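One structure is given here, and the rest of the page talks about it.
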Amino acid sequence: MPEGHTLHRLAFELTEAFGGHAISSSSPQGRFGAGAARVDGRVLERTEAWGKHLLIDFRGLRERVHIHLGIYGSFVIAGAEQPVVGQVRWRLATGSTTADLRGPTVCELLEPEAADALIDRIGPDPLRADADPEKAWLRISSSRAPIATLLMDQRVLAGVGNVYRAELLFRHRVDPDLAGVDLDHETFTAMWADLSTLMRAGVRTGRIDTVDPEHEPEAMGRDPRVDDHGGEVYVYRRTGQPCLVCGTAVCTRVHAGRNLFWCPRCQQRR
DNA sequence: ATTCTATGTCGAA
DNA sequence: TCGACCTAGAATA
């Protein structure tokens, strides 16, 4: 379930659970065997998130553990002495806490220079206080690519995934096919601020909720529209269901290999 | 039992 | 634009 908010939440939880503690580290599944052995017994200092990437530092070690969950990955923190169930790429544990990483696209040790290069090549992250939205604007306003493509491009903006993309476009009534170059700066500024707020709420709650109170289905006498990912949304995976604002059936299509959802009436080109 | 799907990314064609 | 890859749970048979 990994968009940027998941990774920032995870960074916080891992730092809370393990920061300052010597941890035992292993790779039950085997594919991170050498890396796991390298950090075994060391003190975990901190974990930070940059977009959808996680970087973990250990005392006295130059290399940083780099994790990217990909589309299926999960990192679950639980109590002491959990049995290993299924494929666990990396297990971190203290006497009281166990964290299991499964199915990541990336779990590796990175030299500091490589970690810096990674941070350098991704766009501003709305969850970081030091992020500069104008860097994203520079790329968007100079691109003929559709805004739906640009929002998912991690070099443009880091941390947005398929749910936040669909919901952000809906909330600002932007046509997914609108070229970046045709988006106004005012709209972009509002989208960035909104995204930052939405994602911060996501970090707090661990879910993606994007529906404003006045559009909440309960207030309209209908059933809650809670998606499988656990949040309440306007369009994401609501294909064929009535738009919460205008009642038109929500549309879907595959856009650049990913499912895109939008309301054809609310999100018309202006 | 098998197939499908998923909040992602990369690299080849 | 397409397939490959990582995994688990849901859907289908």
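Okay, here's what the table says:
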{"quantity": "Contacts under 6 angstrom Cβ, first residue in the stretch A:1-24 being farther than 20 Å from A:Arg207 by Cα, partner within 16 Å of DNA strand C (Cβ to nearest atom) and of a type in the set (Val, Ile, Thr), 6 or more apart", "calculated": "A:Ala17/A:Ile77"}
{"quantity": "Tabulated pairs, the stretch A:100-113, first touching a residue at least 12 places away in the same chain (Cβ under 8 Å) and under 18 Å from A:Ala37 (Cβ atoms), second of a type in the set (Lys, Arg) and in a strand (DSSP E or B), C-beta under 7 angstrom, 6+ apart or interchain", "calculated": "A:Asp100/A:Arg91; A:Leu110/A:Arg64"}
{"quantity": "Selection status of A:Asp116, surrounded by fewer than 18 Cβ atoms within 10 Å (Cβ to Cβ) and under 21 Å from the mean Cα position of the chain (by Cα)", "calculated": "yes"}
{"quantity": "Residue pairs meeting the criteria (Cβ under 8 Å; at least 6 apart or on separate chains; first more than 16 Å from DNA strand C (Cβ to nearest atom), in the stretch A:205-222; second among the small types (Gly, Ala, Ser) and modelled with pLDDT of 95 or more)", "calculated": "A:Ile208/A:Gly202; A:Asp209/A:Ala201; A:Asp209/A:Gly202"}
{"quantity": "Close pairs (6 angstrom Cβ cut-off, 6 or more residues apart or separate chains): β-branched (Val, Ile, Thr) in the stretch A:39-57, modelled with pLDDT under 95 and crowded, with 18+ Cβ neighbours inside 10 Å anywhere", "calculated": "none"}
{"quantity": "Near pairs, Cβ below 6 angstrom, 6+ apart or cross-chain, from the stretch A:242-267 (part of a strand (DSSP E or B)) to any residue that is of a type in the set (Gly, Ala, Ser)", "calculated": "A:Ala249/A:Gly240; A:His255/A:Ala148; A:Leu260/A:Ala148; A:Phe261/A:Ala166"}
{"quantity": "Test: residue in the stretch A:248-265 that is more than 10 Å from DNA strand B (Cβ to nearest atom), under 17 Å from A:His215 (Cα atoms), polar (S, T, N, Q) and modelled with pLDDT under 95", "calculated": "no"}
{"quantity": "Residue in the stretch A:44-56 that is outside any helix (DSSP H, G or I), over 13 Å from the mean Cα position of the chain (by Cα), within 16 Å of DNA strand C (Cβ to nearest atom) and crowded, with 16+ Cβ neighbours inside 10 Å present", "calculated": "no"}
{"quantity": "Subset of the stretch A:20-57 (residues that are of a type outside the set (D, E, K, R) and touching a Leu at 6+ places or on another chain (Cβ under 6 Å))", "calculated": "A:Ile23, A:Ser25, A:Gly35, A:Thr47, A:Ala49, A:Leu54"}
{"quantity": "Some residue of the stretch A:126-134 being within 13 Å of DNA strand B (Cβ to nearest atom) and not polar (S, T, N, Q)", "calculated": "no"}
{"quantity": "Subset tally (residues that are part of a loop (DSSP other than H, G, I, E, B) and in contact with a helix residue (DSSP H, G or I) (Cβ under 9 Å, 6 or more places away or on another chain)) for the stretch A:58-68", "calculated": "3"}
{"quantity": "Candidates A:Arg139, A:Arg171 - the one that is touching a residue at least 60 places away in the same chain (Cβ under 8 Å), more than 16 Å from DNA strand C (Cβ to nearest atom) and surrounded by 15 or more Cβ atoms within 10 Å (Cβ to Cβ)", "calculated": "A:Arg171"}
{"quantity": "Residue that is nearest to the chain's Cα centre (by Cα), among those in the stretch A:68-78 that are closer than 10 Å to A:Leu101 by Cα and within 12 Å of DNA strand B (Cβ to nearest atom)", "calculated": "A:Leu69"}
{"quantity": "Within the stretch A:88-107, considering residues that are exposed (fewer than 15 other Cβ atoms within 10 Å of the Cβ) and either more than 13 Å from DNA strand B (Cβ to nearest atom) or charged (D, E, K, R) (or both), the one farthest from A:Glu16 (Cα to Cα)", "calculated": "A:Gly95"}
{"quantity": "Only one of A:Val163, A:Val156, A:Val181, A:Val203 that is over 20 Å from the mean Cα position of the chain (by Cα) and not polar (S, T, N, Q)", "calculated": "A:Val181"}
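The values are calculated or read from the model by the stated rules, or taken from the named source; none is laboratory data. Computed from a prediction, not measured in an experiment: that's the story for all the values here. Reconstructed Cβ throughout: ideal geometry from the backbone, glycine too, with neighbour counts over all protein chains shown.
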